[in-house]
1. Along region 119-135, what does the Karplus equation 6.51 cos²θ - 1.76 cosθ + 1.60 (θ = phi - 60°) give for ³J(HN,Hα), rounded to whole Hz, x for Gly and Pro?
2. Quick check: Cα centre of region 395-427 to Cα centre of region 126-168, how many Å?
3. Expected output is a single nm value to one decimal: the length gained when fully extending between A30 and T391, i.e. 0.36 nm times separation in residues minus the C-alpha distance. What is it?
4. How high is the FRET efficiency between S351 and N532 when r is their beta carbon distance and R₀ equals 35 Å, given to the nearest 0.05?
5. Working out 0.36 nm times the residue gap between T263 and S196, then minus their Cα-Cα distance, what length gain in nm do you get to one decimal?
6. Rounded to the nearest whole Å², what accessible area per residue is found for region 440-486 with the 1.4 Å probe?
7. 7 Å from Cα along Cα→Cβ at both S277 and S104: what's the point-to-point distance in nm?
8. Which stretch or stretches of region 541-559 have amide N atoms under 20 Å from the point lying 7 Å from A623's Cα along the Cα→Cβ direction?
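The values are calculated or read from the model by the stated rules, or taken from the named source; none is laboratory data. The shown structure was predicted, so the numbers you read here are calculated from the model rather than taken from an experiment. Backbone-built Cβ (ideal geometry, glycine too); neighbour counts: all protein chains shown. Ligands, DNA and RNA are stripped out before the accessible areas are found, and what is left, the full protein with its side chains, is counted by its heavy atoms. Shrake-Rupley method; radii C 1.70, N 1.55, O 1.52, S 1.80 Å.
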Amino acid sequence: MAMTRVVLLLTFFLVALSACQVPRSEDGPADGAEGGACFGNGTCDDGLTCASDLCVGLPGEGEGEGEGEGEGEGEGEGEGEGEGEGEGEGEGEGEGEGEGEPCSTVNGSFTVENTLDLDELANVCVVTGDLTVSIAGNALTNTLGLAVLQTVEGDLTFSDNIALASIDLPGLTSVGGEFSFFTNNALVSVSLPVLSTVGEITFAGSALASISAPELTTVSIRLTVGDSALTNINLPALASVREIDLSGPSLTGISLPSLTSVTRKFAIDRSGLTAISLPALASVGGFGFSVGDNRGDVALANIDLPALTTGKISIARATELTSLNLPLLTSGVVSIDETNNPGDPESALTSLSLPSLTNGTVVTRNTALTSISLPLLTSGFVAIENSSVATFTLPSLTSGGLAVRNNAALTSVSVPVLTTVEEIEFSDNAALRSISAPALTTVGGQDLRGHLEVLANGALISISLPALTSVGGSLRIEDNAWLSSLGVAALTNIGGDLTLEDAALTVINLPVLTGVGGELSVRTDVDLTSLNAAALITVGGALTISGTALTSISLPALTSVGANEDLSLFADRRLIISGNPELTNLSVPELTTVVGDISGNDDAQVVISSNTALTSCDGPLIANVGDCVGGEGEGEGEGEGEGEGEGEGE
């Protein structure tokens, strides 16, 4: 019986012991475990990092073995009665978190010039200054010696490592300054799996074909991609950057799906890109988003910025560009082929639509453009030049500026609610027949700012500006050979020059105009028969009327000519009435001041000549001047006579 009880107790103990044992792993570390191969997606078990296809633990984690002792008591019952006690000791293996050797810090800057220097960084995770790796010859082929590096507070530079084929920094999370690599002629790939922030980073090198930085979210200064073998750039987490410069003919694709903000510049130049899409980009500041500023990127055919709300867009020399998508842009600048260089290629863009733009500047210069739509633009500057647009409407524009130049097909322009502008110009539009701005009241401001110019529009017949009261700068209407109707009857003041030349006008009606700050010139309007400027008081510069069909010139309120002291010292300040063959009457009864030219010669103050029909001159400063000599006058005379005579008679 005693023996039976011993056997039963021993059996119970062995069964309990076997139930407590932990299975041991098979030979060799498993995939994802420390020392084992990385998983297929380049990751490892929690707490481990994939470096050169192996899973490694960074400092601070480790494994260990331990021993333990234990005591136990037990009681049992069987066919008989009895008690027993026992003690035992054992050893086992186990895994657990523990303190490993801490990584170290290099205070200041460090330069790696040989493998011994590199060995000193084997356990360094922080460099407070700059870190430069430049090992001559073929000694450096990989960056395993920097596997634990986490932070470089200054610049990180790899240069002149001629055998370095790959840069793999599995623990690097931040670089405070510039991260760059150059003249590493064998460099093919760069892997930065946990890098999240960097001051500035430059990817360049003739052999560089692969870049991986999946966690990079912020570039505080500049991201540059230069000439390399790179065909595609994928930075899935990049959200904000100050500047981006992309170039290189091999570059055909770029993916920046998380990029929302570029604070200064996004430039694409001399690349092989045919399309670019930035689905999350909401704002571009400073110099904006530009294509081809340095005479490149003729291959880019599609630009898609569906989330962009503010920024400047500048596109030059993009001969293949057919699509530009900016549906949410509300404020900014859009410039298409604004190169100012004759002979530069133009884009193939035929239609420009900015449906949400309310405030901004739009400049287009390309002959393919046939349609432009800016339905909500209320304030801004619009310039259309060298286009094939036939009709142009700005239905909501109330203030800003407008320049319409050299558009051969343009026949009409409509700005129905435009009230104030800084500048407005229509020039060299061969087919333009009418200009109407019914609500326009003010052009420019004070100090000769803001001009209204209508120049060399060969088919122009009418100009209607019925509400215009003030022009801060000059009003120039010149070389419009068929212009027969000019509606500016509400105009009261012009700060600069008033020029009305080379037109088919028969009537010029300025009934409430009181002052012209610069010159007033009416010339070679050979059909002009009526001029009404009854309220005109002052002309700051010269007043010239010549080459017209006028029979009468009457300026009853005019008191001074040429008295504007703000004009140039050499500005013409004379009164000139000449070459008007039908003129019979000239009246300036209140004119008391004509400054004349700087010579001070009285004969040069007033010029009245070649008015062959002139018979009546009224005004103290024109009497006996030029054609007015021998005109109508009054005089008195007395005479006496004496005589003698003789005669005879019967």
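1. 4, 5, 9, 4, 10, 9, 10, 9, 10, 7, x, 8, 10, 10, 10, 8, 10
2. Cα centroid of region 395-427 versus Cα centroid of region 126-168: 59 Å apart.
3. Working: separation 361, 0.36 × 361 = 129.96 nm, distance 7.29 nm.
In short, 122.7 nm is gained.
4. Details: r = 46 Å, r/R0 = 1.31.
Given R0 = 35 Å and the Cβ-Cβ separation, E is 0.15.
5. Working: separation 67, 0.36 × 67 = 24.12 nm, distance 1.84 nm.
Separation in residues times 0.36 nm, less the Cα-Cα distance, equals 22.3 nm.
6. Details: 1800 Å² over 47 residues.
For region 440-486, the solvent-accessible area averages 38 Å² per residue.
7. 5.1
8. 553-559
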